[in-house]
């Protein structure tokens, strides 16, 4: 098999795997159960999307996609930081009760 | 002098990311680097990169190796059929001997990307780092592991 | 030569996708927030980094390859920071680890300080 044909097969397999990964992280976002769980799954979702865009860039040969991937990873990082600050300002459900009984 | 070096490095990174090394683009990169360094002026400590380049390279190599090992370890844990029996999660207080902000930051990042450990918090007096472990053997073994491995390397880079 | 690069790139791409998939499986299977963070931060960073390296290998263009490698460095720098921030924020906000956690020294220290 020539390199190009093998690459074509590899990108197909990679896209299927990444699609399943995307689906699994969406399931975690939906079932939660807590806010940090969802934020973590969103963070992973951006990484999966980054890998997805990378695989598409290889498949199509359009390297402009790479810029999208890098911008996406930046955005995911900033979003997680913002969410972390938000989580810090809100006590977890049930945490206030535990403080009282201590 | 150090700030000048940092500005040049940042301008070159800008040119590399935007994919063009033309004069105008380098000028734009330099302008952005100066603005960024001005905004961060209180946080930029003196970089001593040139002298310790080899130690930094050795640390980086170790880091990449440990990172791949840790990803494989996590992958194995994830694929274990009986997950609850394979896990022994714990949060351990690891005493720190490194003191400066930069050292603690580097150590915490290295710990996060190494097998089975994730740094959570630093105590207010900066003497203890709280580390989450995926599969705890014993507390003492973990502390000794970090002290002789990464902590020693980090110290060597900043020495 | 080009074929070798393509085979190597395809191998890296497949490995990266497999690690990303394992991270997603881990985030679904592991029992609590803190253990899930291990899967997302390590396997995720390695997976995304490998895919970007594959792009760098097969693009045959200096500027693009350089950008991809800077992207990898960026990913490796930011992933531990965001995982750490999220873990710290959640622990401070009072999200407690799962019951199977054998030891939590943050809890015990806080209790002993607020005791007498």
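The values are calculated or read from the model by the stated rules, or taken from the named source; none is laboratory data. Source: prediction; values computed, not measured. Here the Cβ positions follow ideal geometry from the backbone for every residue, glycine too, while neighbour counts run over all protein chains shown.
Points to keep in mind about this one:
- All conditions in (1) within 8 Å of chain C (Cβ to nearest Cβ); (2) assigned to a helix (DSSP H, G or I); (3) surrounded by 17 or more Cβ atoms within 10 Å (Cβ to Cβ) hold for residue A:56, with the sole exception of (1).
- The listed residue being more than 7 Å from chain C (Cβ to nearest Cβ) and part of a helix (DSSP H, G or I), out of A:66, A:45: A:45
Residue-wise test of (1) touching a residue at least 12 places away in the same chain (Cβ under 8 Å); (2) surrounded by fewer than 23 Cβ atoms within 10 Å (Cβ to Cβ); (3) assigned to a strand (DSSP E or B); (4) in contact with a helix residue (DSSP H, G or I) (Cβ under 6 Å, 6 or more places away or on another chain).
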site: B:99; (1), (2), (3), (4): yes, yes, no, no
site: B:105; (1), (2), (3), (4): no, yes, no, no
site: B:121; (1), (2), (3), (4): no, yes, yes, yes
site: B:126; (1), (2), (3), (4): yes, yes, no, no
site: B:142; (1), (2), (3), (4): yes, yes, no, no
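- Answer residue from region C:54-63, given it is more than 15 Å from residue A:55 (Cα to Cα) and either without any contact (Cβ under 8 Å) to a residue 12 or more places away in the chain or at the interface with chain B (Cβ under 9 Å from one of its Cβ atoms) (or both) and is surrounded by the most Cβ atoms within 10 Å (Cβ to Cβ) among those: C:63
- Single residue of A:32, A:76 found to be more than 7 Å from chain C (Cβ to nearest Cβ) and surrounded by fewer than 17 Cβ atoms within 10 Å (Cβ to Cβ): A:32
- Here residue C:51 passes the criteria (1) more than 7 Å from every other protein chain (Cβ to nearest Cβ); (2) under 23 Å from residue A:9 (Cβ atoms); (3) touching a helix residue (DSSP H, G or I) at 6+ places or on another chain (Cβ under 7 Å); (4) in contact (Cβ under 8 Å) with a residue 24 or more places away in the chain except the one numbered (1).
- Of all residues in region A:1-12 being facing chain C (nearest Cβ under 9 Å) and within 17 Å of residue A:53 (Cβ to Cβ), the one that is nearest to the chain's Cα centre (by Cα): A:11
- The selection criterion, being in a helix (DSSP H, G or I), crowded, with 24+ Cβ neighbours inside 10 Å and at pLDDT 85 or above, holds for residue C:19.
- If only residues of region A:1-34 that are in contact with a helix residue (DSSP H, G or I) (Cβ under 6 Å, 6 or more places away or on another chain) and at pLDDT below 85 are counted, the one that is farthest from residue C:12 (Cα to Cα) is A:32.
- Conditions (1) more than 8 Å from chain A (Cβ to nearest Cβ); (2) assigned to a helix (DSSP H, G or I); (3) in contact (Cβ under 8 Å) with a residue 24 or more places away in the chain: number failed by residue C:42: (3)
- Odd one out for residue B:71 among (1) surrounded by fewer than 23 Cβ atoms within 10 Å (Cβ to Cβ); (2) modelled with pLDDT of 80 or more: (1)
- Checking B:77, B:35, B:9 one by one, the residue that is in the same structural domain as residue B:130 (by TED's automatic domain parsing), part of a helix (DSSP H, G or I) and modelled with pLDDT of 80 or more is B:77 and no other.
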